[in-house]
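Asker: Supplied in structure tokens, the structure appears directly below.
Readers should treat all values here as calculations from the given coordinates under stated rules, not as data from a laboratory. Quantities reported herein were computed from a predicted structural model and do not represent experimental measurements. Here Cβ is always computed from backbone atoms with ideal geometry, including for glycine, and neighbour counts include all displayed protein chains.
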Amino acid sequence: MNPFQFSALFISALFLTTIAQMWLARRHLTHIHAHRTEVPSDFRKQIDLSAHQKAADYTSAKTRLSLLSTPFNALLLLIFTLGGGIQWIADLWLTTFTNSLIQGLATILTVLLLSSLLEMPFSLYRTFVIEARYGFNKMTLAMYLADAAKGLLIGAIFVLPLLFGVLWLMERMGENWWLYVWGVWVTFNLLLLFIYPSFIAPLFNKFTPLQDETLKMRIKALLQKCGFTAQGLFVMDGSKRSSHGNAYFTGFGKTKRIVFFDTLLERLAPTEIEAVLAHELGHFKRHHVLKRIVFTFALSLGFLWLLAQLMDANWFYGGLGVTTPSTALALLLFFMVLPVFSFLLHPLMSYYSRKHEFEADAYAAQQTSAHDLASALVKMYQDNAATLTPDPLYSTFYDSHPPALMRVARLQSL
């Protein structure tokens with residue numbers, strides 16, 4: 001393959017992916033609008049028409065924003081690659097630093113920072129216009145900027161050393177560098193699983209031990225029944241940023257903890273909270289977390305091997321607008337264009353995730369009550385303004401959880 005052929009392939013893939021994403025968004029909008037005037041029959045007792053229409057309008061607003069951000073991101077990618085943006089930034093740092101590792105690190109960080117800044121208007125609009133319009137946003141601009149600053153600080157502490165180490169291994173470890181990088185990547189992610197609950201998450205939210213003794217006893221009995229041990233039961237002040245509710249496990253090994261959003265505890269009955277927790281325990285008992293970790297690590301190994309094959313191919317650099325090949329630019333280009341060529345994997349990933357959700361629901365129905373879990377899910381759909389009528393094809397591509405109708409129907413059958 002020569003550079004011109006790869007450029008043509010890249011442009012074609014980017015064009016088709018962008019058109020497909022926008023077509024799916026249009027389908028989604030049309031389907032939601034067609035079902036906006038009537039609540040699905042299975043939900044009419046729990047959700048009134050106004051709540052259903054709010055969910056339809058909220059989802060539509062987010063989808064319409066994606067119709068703007070999708071072509072913008074495609075154009076930005078073209079500017080960075082075939083437009084010569086990455087090469088221009090690399091040349092700039094080439095005259096500033098003499099060390100190749102520092103040059104590469106500076107180039108990658110500059111591209112990432114510019115991308116984040118250019119995409120920030122969409123994030124601001126989503127948070128302070130769409131989320132605020134539908135009553136979800138609780139953040140102030142100061143809090144938003146503080147979160148961004150904390151994210152940069154965490155990146156400087158953890159990501160910078162990792163990126164520097166990866167570039168060093170790519171340059172010094174010969175043709176099998178990808179195995180060493182994979183080992184470092186695996187170690188880094190396992191370390192994050194251990195330290196995230198105690199050191200990173202508290203930088204953004206306040207976690208307090210669950211105070212409701214009656215609920216605590218119910219939960220402890222469920223944990224004992226399921227053979228699960230956790231470091232503690234915590235309530236997170238999710239209402240500080242948003243009125244959306246959720247519950248999740250975090251940590252790994254002895255650092256495992258169960259976290260409830262304060263908004264969730266305010267909305268659900270104790271039996272419903274117990275059912276939601278049983279669903280999360282189902283992920284643990286069915287080894288979903290371990291399976292996803294293993295799958296992610298295996299996938300990353302395959303990607304690193306592929307990158308190793310492309311690093312020495314001049315057509316790879318030339319086809320993406322780079323005239324001075326380097327390990328740093330190979331790494332940057334590969335992960336920037338990877339989503340373009342892996343778009344068709346989305347349905348497979350979504351199917352895998354939805355399968356796990358069904359299995360966790362089935363486990364929860366065995367340990368608690370399928371009725372209570374279904375009732376809790378309906379409340380969560382309503383409180384989060386999640387549409388009950390997504391376009392089936394759009395959902396197949398993007399939704400990691402089964403559609404509400406399908407999920408509640410499965411629980412009712414249990």
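Asker: For the chain, what relative contact order do you get, as a whole percent, if you take Cα pairs closer than 8 Å and at least 6 residues apart?
Answerer: 25
Asker: Another question, if that's okay. When ranked by the protection proxy of mean other Cβ atoms within 10 Å per residue, highest first, what sequence do the peptides 189-200, 381-392 form?
Answerer: 381-392, 189-200
Asker: Right, something else. Using the basic label-point model (7 angstrom from Cα toward the beta carbon), what is the residue 141 to residue 200 distance in nanometres?
Answerer: About 3.0 nm, to one decimal.
Asker: If I stretch the segment between residue 237 and residue 287 completely, what's the gain in nm (0.36 nm per residue apart, minus their alpha carbon distance), one decimal?
Answerer: Extending this stretch completely gives an extra 15.2 nm.
Asker: Once the Cα gyration tensor of region 62-117 is found, what semi-axes does its equivalent ellipsoid get, as square roots of 5 times the eigenvalues, in whole Å, sorted largest first?
Answerer: 29, 11, 6
Asker: Please rank 31, 52, 346, fewest neighbouring Cβ atoms within 10 Å first, as an exposure proxy.
Answerer: By the 10 Å Cβ count, ascending: 346, 31, 52.
Asker: If N is the number of residues in the chain, what value comes out of its Cα radius of gyration divided by 2.2 N^0.38 Å?
Answerer: For the chain, the normalised Cα radius of gyration is 1.08.
Asker: Rounded to the nearest 500, what is the 222 nm mean residue ellipticity of the chain from helices alone, with -39500 (n - 2.57) per DSSP H run of 4+ residues and division by all residues?
Answerer: Roughly -22500 deg cm²/dmol at 222 nm, from the helical runs in the chain.
Asker: So, R0 is 25 Å and r is the distance between the beta-carbons of residue 116 and residue 172; what FRET efficiency does that work out to, to 0.05?
Answerer: 0.25
Asker: Please give every one of the aspartates and glutamates within straight-line cross-link reach of residue 220, meaning a C-alpha to C-alpha distance under 19 Å, and leave out same-chain neighbours fewer than 8 residues apart.
Answerer: 212, 262, 272, 274, 280, 372
Asker: Per residue of region 338-355, what does 6.51 cos²θ - 1.76 cosθ + 1.60 with θ = phi - 60° give for ³J(HN,Hα)? Whole Hz please, x for Gly and Pro, Karplus curve as stated.
Answerer: Here the 3J(HN,Hα) series is 4, x, 5, 8, 10, 4, 5, 7, 3, x, 5, 5, 5, 4, 4, 5, 5, 4 Hz.
Asker: Restricting things to alpha carbons, tell me how big region 18-72 is in terms of Rg and Dmax, in Å.
Answerer: Values for region 18-72 (Cα only, Rg and Dmax): 13.0, 42 Å.
Asker: Return the long-range amide H neighbours of residue 235 (sequence gap of 5 or more, or a different chain), with a cut-off of under 5 Å between placed amide H atoms.
Answerer: 208, 210, 260
Asker: While we're on this one: How much net charge surrounds residue 210 when only the other residues with a Cβ under 14 Å from the Cβ of residue 210 are counted, with Lys and Arg +1 and Asp and Glu -1?
Answerer: Charge balance in the 14 Å sphere: -1.
Asker: Let me ask another. Measuring from centroid to centroid over Cα atoms, what is the spacing of region 1-58 and region 358-414 in Å?
Answerer: 19
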